[in-house]
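Here's the structure we're looking at; comments come further down.
No value in this document is a laboratory result; all are computed from the given coordinates. Computed from a predicted model, the values in this text were never measured in an experiment. Quick reminder, even Gly has a Cβ in these numbers, built from the backbone with ideal geometry, and neighbours come from all protein chains shown.
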Amino acid sequence: MRTYRIAIVGAGPAGYFAAQALQNSASDDQTFAIDMIERLPTPWGLVRSGVAPDHPKIKTVSKVFEKIATAGNFRLFGNVELGTDLQIKDLTDRYDAVIVSTGSSLGKKLGIPGENLQGSLSAADFVPWYNAHPDFTALDVPLDCDTAVVIGAGNVAMDVARMLALEPHELDATDTANHAIEALRKSSIRRVILCARRGPEHAAFTSPELRELPKLEHTNVLMDGNQISAARDRVGAEPEKDVKSNLDAMGLIVEREKTSHERTLEFEFLLTPIEIHGTDRVTEIALGINEIKDGKVVSTGQTKTIKCGLVVSAIGYEAAPIEGITYANGKIVNTDGRISGTNMYTVGWAKRGPSGVIGTNKSDASEVIKLLIEDLPKEPKNNGDVTELLQGHTVVTQSHWEAINAAEVAQGEPLGKPRVKAADRHELLRLGGL
Ligand SMILES: Cc1cc2nc3c(=O)[nH]c(=O)nc-3n(C[C@H](O)[C@H](O)[C@H](O)COP(=O)(O)OP(=O)(O)OC[C@H]3O[C@@H](n4cnc5c(N)ncnc54)[C@H](O)[C@@H]3O)c2cc1C
């Protein structure tokens, strides 16, 4: 029986699904010993730090991750960062294969003047702030203004807009970070405007998320019926299935009777951000007005401004580079997941860029694992254990993580929350008994 040693760097969905594909590929003559290395004291990637707290069902996929982690021949090395605590060569020398599943964590820039003003944030910072990611607890999120503008037309933009527009007590039963619930409770924001560059028919929202919006109890969701009808005219009688279902969902939003709630979430289409104005902080955003001509989005040459104190851009993500790995267009350079000239592979958002839901990473990882297994040498290398390099370093093992998890869940129970997340690294380590 040959046992190949495989390192997986990044404990998000893609990393776990890669581990699962390896476990499922074990046979009578070969097995895999999996070491999963994660920079945070907590695993689960964006399932913990990205998925919106008011979508708890989606997070139940973490049960699958825990099953994988406890299936045997699996070790977690949490609180260990590749590029800082370990280097690429440490892993490529010791493991038969190294899988990089470090995701895509940097927000793409708008690239417009004023983007660096106080009150201009990226969803890549704002989302982990409300999700208790320990690197973002100190983020300055000014909520002392009436209006916030969110730039983008995907589900992340919608999550951000919804989180800002909700009545904060709707978050009481969620695992939103305590510091964020407190800040949102004091928030003066009553108007959230989501601005999309293209038309309603081009939006990357998915229809289940759109269909949820009219159910918001304390927020009026507004869309311009004329913009939706114009989009319907443009797509004709037989649009693509997803476009049809989005436009139908938008139609329901338009038709819904408006209430007297003071909170509004407004969708505006065909607007391109040009400049964020303000001297020391955001006071206004200028946007170019677009139109659709011959199926193309073009500028009308006209502009408009919206007075606001907060701008959050949600226009995509790029991978944070790790020394020794080549990146292009915000992702790792790879061929079907193989990193050329090395025994490294990549899966998930680090490989494909920031697209696809959690499940997409499963099929993607199993395809890459097939190639990895084809490439394995006849005999495993047996070249030392990574623990020898981590002497004196505080490593969060699976049992430490289980203690953190149990403590968070226990704290949430009397409050009717799935968990109370610790947002501080030291506190997380303490909960793990470290
Ligand atoms: C805001 C947001 C909301 C989303 N909501 C949904 C949703 O509701 N439903 C859905 O299906 N999908 C959703 N998605 C998409 C889903 O989260 C992704 O498809 C999935 O998380 C990608 O998995 P990944 O493993 O590639 O990356 P990630 O989940 O980002 O995991 C990467 C992991 O690598 C770790 N890491 C990074 N660098 C290092 C390093 N140098 N050393 C060690 N570890 C490192 C990170 O800490 C992280 O744990 C959402 C995405 C975002 C951004």
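What's the center-to-center distance, using Cα atoms, between the range 311-352 and the range 181-222 in Å?
The range 311-352 and the range 181-222 have Cα centres spaced 30 Å from each other.
Can you list the trypsin sites (Lys or Arg not before Pro) in the range 74-123 that are in a DSSP coil and have 13 or fewer other beta carbons within 10 angstrom?
For trypsin sites (Lys or Arg not before Pro) across the range 74-123 that sit outside H, G, I, E and B with at most 13 neighbouring Cβ atoms in 10 Å, the list reads Lys109.
Longer than 19 Å from Cα to Cα, which of Lys296/Lys351; Lys59/Lys108; Lys215/Lys258; Lys59/Lys417; Lys109/Lys362 are they? Say none if no pair is. The partial results should precede the final answer.
Numbers: Lys296/Lys351 30 Å; Lys59/Lys108 25 Å; Lys215/Lys258 12 Å; Lys59/Lys417 13 Å; Lys109/Lys362 29 Å.
Those over the limit are Lys296/Lys351; Lys59/Lys108; Lys109/Lys362.
Among the lysines, select those whose C-alpha is under 20 Å from the C-alpha of Lys378, and discard any that sit fewer than 8 residues away in the same chain.
Output for Lys378: Lys370.
What translational D, rounded to a whole number of µm²/s, comes out for the chain from Stokes-Einstein when the hydrodynamic radius is the Kirkwood one over Cα pairs, at 37 °C and 0.692 mPa s?
On the way: Rh = 23.2 Å.
Estimated diffusion coefficient is 142 µm²/s.
In percent, how large is the relative contact order of the range 345-434, given Cα pairs closer than 8 Å and 6 or more residues apart? Each step should come with its number before you reach the end.
Details: 42 pairs, mean separation 19.5, N = 90.
So the answer I get is 22 percent.
Taking the simple approach of a point 7 Å from Cα along Cα-to-Cβ for both Thr60 and Asn383, what is their distance in nm?
4.4
Hey, what D do you get for the range 296-353 in µm²/s if you plug the Kirkwood alpha-carbon radius into Stokes-Einstein at 4 °C and 1.567 mPa s? Don't skip to the answer; put the middle values down first.
On the way: Rh = 14.7 Å.
Translational diffusion coefficient: 88 µm²/s.
From the phi of every residue in the range 194-210, what ³J(HN,Hα) in whole Hz does the Karplus formula 6.51 cos²θ - 1.76 cosθ + 1.60 yield, where θ is phi - 60° and glycine or proline is x?
9, 10, 10, 6, 9, x, x, 6, 9, 4, 8, 4, 9, 5, x, 5, 5
At a Cα cut-off below 13 Å, give the aspartates and glutamates reachable from Lys67, other chains included and same-chain residues fewer than 8 away excluded.
Leaving aside aspartates and glutamates fewer than 8 places away in the same chain, those within reach of Lys67 are Glu402.
Tally the DSSP beta bridges in the chain and give the antiparallel ones as a percent, rounded to 5. Don't skip to the end; give the middle numbers.
Working: 23 of 67 bridges.
Among the beta bridges of the chain, antiparallel pairing accounts for roughly 35 percent.
Using the charge dipole of the range 1-102 (Lys, Arg: +1 at Cβ; Asp, Glu: -1 at Cβ; taken about the Cα centre), state which of Asn79, Ala21, Gly50 has its Cα farthest towards the positive end.
With unit charges placed on the Cβ atoms, the residue in question is Gly50.
Treating the range 59-187 as a set of equal point scatterers at the Cα positions, no solvent, please give the Debye-formula log₁₀ I(q)/I(0) at q = 0.10, 0.18 Å⁻¹.
The Cα Debye sum returns log10 ratios of -0.49, -1.13.
Would you work out the relative contact order for the chain, in percent, from Cα pairs under 8 angstrom that are 6 or more residues apart?
Details: 887 pairs, mean separation 100.3, N = 434.
For the chain, the relative contact order is 23 percent.
Taking amide H positions as placed in the peptide plane 1.01 Å from N, state which residues far from Ile8 in sequence (5 or more) or on other chains have amide H under 5 Å from it.
Excluding prolines and chain starts, which carry no amide H, the hits are Asp35, Met36, Ile37, Ile99.
In percent, how large is the relative contact order of the range 20-87, given Cα pairs closer than 8 Å and 6 or more residues apart? All intermediate terms of the calculation are to be shown ahead of the outcome.
Numbers: 58 pairs, mean separation 32.0, N = 68.
Reported as a whole number, the value is 47 percent.
Size of the dipole of the chain about the Cα centre, Lys and Arg at +1 and Asp and Glu at -1 on the beta carbon, nothing else charged, in debye to 20? Kindly include the intermediate steps, with their values, before the conclusion.
On the way: 47 positive and 58 negative charges, 75 e Å.
Using Cβ point charges on Lys, Arg, Asp and Glu, the chain gives about 360 debye.
Relative to the compact globular guide of 2.2 N^0.38 Å, what is the alpha carbon radius of gyration of the range 12-112, as a ratio? Write down the numbers at each step before the final one.
Working: Rg = 15.4 Å, N = 101, 2.2 N^0.38 = 12.7 Å.
My calculation over the Cα atoms of the range 12-112 gives 1.21.
Hey, what angle do you get for helix 155-165 against the long axis of the chain, alpha-carbon based, 0 to 90 degrees rounded to 10?
So the inclination is approximately 60 degrees.
Does the range 359-409 come out rounded, prolate or oblate, given a ≥ b ≥ c as the square roots of the eigenvalues of its C-alpha gyration tensor, rounded meaning a/c under 1.5 and, failing that, prolate meaning a/b above b/c? Write down the numbers at each step before the final one.
Details: a/c = 4.07, a/b = 1.30, b/c = 3.13.
Oblate, since a/c reaches 1.5 and b/c is not below a/b.
With a ≥ b ≥ c the root eigenvalues of the C-alpha gyration tensor of the range 310-394, is it rounded (a/c under 1.5), prolate (a/b larger than b/c) or oblate? Numbers along the way, then the final one.
Working: a/c = 2.14, a/b = 1.41, b/c = 1.52.
Here the range 310-394 falls in the oblate category.
Restricting everything to alpha-carbon atoms, can you work out Rg to Rh for the range 277-434 with a Kirkwood hydrodynamic radius? Please list the in-between numbers first.
Numbers: Rg = 23.8 Å, Rh = 21.6 Å.
Radius of gyration over Kirkwood radius for the range 277-434 works out to 1.10.
Can you divide the C-alpha Rg of the range 146-215 by 2.2 N^0.38 Å and report the result to two decimal places?
Values: Rg = 12.9 Å, N = 70, 2.2 N^0.38 = 11.1 Å.
Against the compact-globule rule of thumb, the ratio is 1.17.
Starting from the Cα of Lys307, draw a straight line to each of the aspartates and glutamates and keep only those under 18 Å, dropping any in the same chain fewer than 8 residues away.
Filter leaves Glu115, Asp144, Asp146, Glu262, Glu266, Glu268, Glu275, Asp280, Glu284.
Over all directions, how big on average is the projection of the convex hull of the alpha-carbon atoms in the range 239-322, in square nanometres? Display every interim value, and only then the final one.
Numbers: hull surface 40.2 nm².
Seen from a random direction, the Cα hull of the range 239-322 projects 10.1 nm² on average.
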